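Step one of this worksheet: look at the structure below.
What follows draws every value from the coordinates through simple rules; no lab data is involved. Computed from a predicted model, the values in this text were never measured in an experiment. Glycine gets a Cβ as well: all are built from the backbone with ideal geometry, and neighbour counts include every protein chain shown.
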Amino acid sequence: MLTRIGMASLALLTLATVMPRSAPAQEKLRVLATLPDLWAITRALVRDLGEVQVATRPGQNPHDLEIRPSQIVLVKRAEILVRNGLDEDAWIDPVIESSGNPRLLRGAPGVVEAVRGLTILKIRSGPIDRSLGDVHPSGNPHFTLDPGTLPVVTGNIVAGLARLRPDLADRLETNRRAFLDEVAAATQRWNEAFAPYRGAPVVSYHDSWPYFYRAFGLEELGVIEDRPGVPPSPQHLAALIRQMRERRARVILVENWYPADSAMAVARAAGARVLLVPQSPGAAKGTDTYITHIDALVQSVTRALAE
C-alpha cells in the first residue's frame, strides 16, 4: 500500500534529528502506537506508568494518509513503538528511517509487533501485483476486532515494554491481567447480544471484518470492494446482489472514511441497509477505549440485524 509522505516533512525531520538518549529507570514510559486500536490497548496496559501517543488520528484511513510534522515529532521522541506487525502500518517505516531514532527500526529492542503468535486470516498466496489493488500480502491485519486475540496481543506488548523497562514488568503484568478480566466480562455481554444472530450473513465495503465475524459467529457473505482501492466492477456487484437476495443479507458495513455510493446502490438493489461504522477506537464520541469501541460496534450491528 502506498502512503503519501511530504518531502518537506521528511526534510524537516532530518534537519531536526537528534539521537535519542536512554531514559533513566525512574522516568515514565514514552510509547508510540502506530494505530488507534493499538493505542487504546496499550493505554490500558501502561495506565499511569507512562504516556502513550498514537501516530494516526482516530477515524483516519490508515491506507491513505499523509504524515504531518507533528506526527514526525512523536516518532523522534518515542522510546518504544507498538506496531501491528503486518503491512497495515508500513507507512511509518520511511519516517522512522529518516528520524535518526534507531530504537524504532524494525527488529530493534524498542519495537513491539502485536501480531506475533497469532493465526492470521486471509494470507495471500501466488503472485501479487498492482492489478489486485492494495492487497495485504501477509494477511488481514484487523485482528484486534476479535477480543479473543487480546491475550496474545497484550502479552506481546507487555513483554516488549518490560524488555526495555524490567523495573516495570510486574506492574505491567498486573495491569494486563486486570484489562483481560475486563475484556472477558465484556465479551460475555457481546456474545449474549449476538446470540440471536449467529450465522447471519453480512457484507462489507472493505475487507476489514473477518476477525469480527469470527468472534461473534457472523457469516462473511461478500465484500463490495473485491480489489482493495479499486472501484468494483458491475459484474462483481451484480453477483453480490444476487447472493444477498438469495441469503436475505440485510446489512452492509462501511467504515466512515470510505465512499458510500456503491454500498448504497447495492443496498437498494438487494433490499439491505448501509451501516456506517467506526473501525477504530476514538473515531466516534465516547469510544476511545477498546471496550467502549467494541461496545459501540456490537450495539450498532445487532440493532441493524434486528431490523
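Here are some notes:
- Candidate cross-link partners of Lys28 among the aspartates and glutamates, defined by an alpha-carbon separation under 19 Å and a same-chain spacing of 8 or more, comprise Asp48, Glu51, Glu79, Asp167, Asp170, Glu173.
- Column: log10 I(q)/I(0), Debye, Cα scatterers of the range 171-300, q = 0.11, 0.12, 0.17, 0.22 Å⁻¹: -0.44, -0.51, -0.91, -1.33
- Scanning residues 5 or more positions from Ile80 or on other chains, those with amide H under 5 Å from its amide H are Arg30, Leu32, with H placed 1.01 Å from N in the peptide plane.
- Debye, to nearest 20: dipole size of the range 189-306, +1 on Lys, Arg Cβ, -1 on Asp, Glu Cβ: 440
- Applying a length cut-off of 18 Å (Cα extent along the axis) and a mean Kyte-Doolittle floor of -1.0 to the DSSP H helices of the chain leaves 150-164, 169-194, 234-247, 290-306.
- The listed peptides 38-45, 258-265, ordered by packing as a protection proxy, come out as 38-45, 258-265 (highest mean of other Cβ atoms within 10 Å first).
- Summing charges over neighbours of Thr187, with a neighbour being any other residue whose Cβ is under 12 Å away from its Cβ, gives -4 when K and R count +1 and D and E count -1.
- Peptides 164-170, 218-224 ranked from most to least packed by the mean count of surrounding Cβ atoms within 10 Å: 218-224, 164-170.
- Note on the range 29-100 and the range 176-214: Cα centroid distance 25 Å, given to the nearest whole angstrom.
- Theoretical ellipticity at 222 nm over the chain - DSSP helices of four or more residues, -39500 (n - 2.57) apiece, nearest 500: -13000 deg cm²/dmol
- Relative contact order [Cα under 8 Å, 6+ residues apart], the chain, whole percent: 17
- Sequence-separation-based contact order of the range 149-307, relative, with Cα cut under 8 Å and 6+ spacing, percent: 18
- Eigen-decomposition of the gyration tensor built on the alpha-carbon atoms of the range 56-124 gives equivalent ellipsoid semi-axes of 21, 17, 10 angstrom, largest listed first.
- Here the range 260-307 is described by how far its Cα atoms reach on the three principal axes: 37, 23, 12 Å, from widest to narrowest.
- Square roots of 5 times each gyration tensor eigenvalue, C-alpha, the range 221-278, largest first, Å: 17, 14, 9
- Label selected from (i) 63, 44, 37; (ii) 62, 39, 34; (iii) 70, 48, 38, the criterion being Cα extents along the principal axes in Å as computed here: (i)
- The packing ranking of peptides 144-157, 72-85, 191-204, highest mean first, is 72-85, 144-157, 191-204, where packing means the average number of other beta carbon atoms within 10 angstrom of each residue.
- Gain in span if fully extended, Arg163 to Arg77, counting 0.36 nm per residue against the direct Cα distance: 29.1 nm
- Cut-off 11 Å, label 7 Å out along Cα→Cβ of Arg47, residues of the range 143-181 by amide N: 171-180
- Put in line by how crowded their Cβ is, counting other Cβ atoms within 10 Å and starting with the fewest, His206, His236, His293 read His236, His206, His293.
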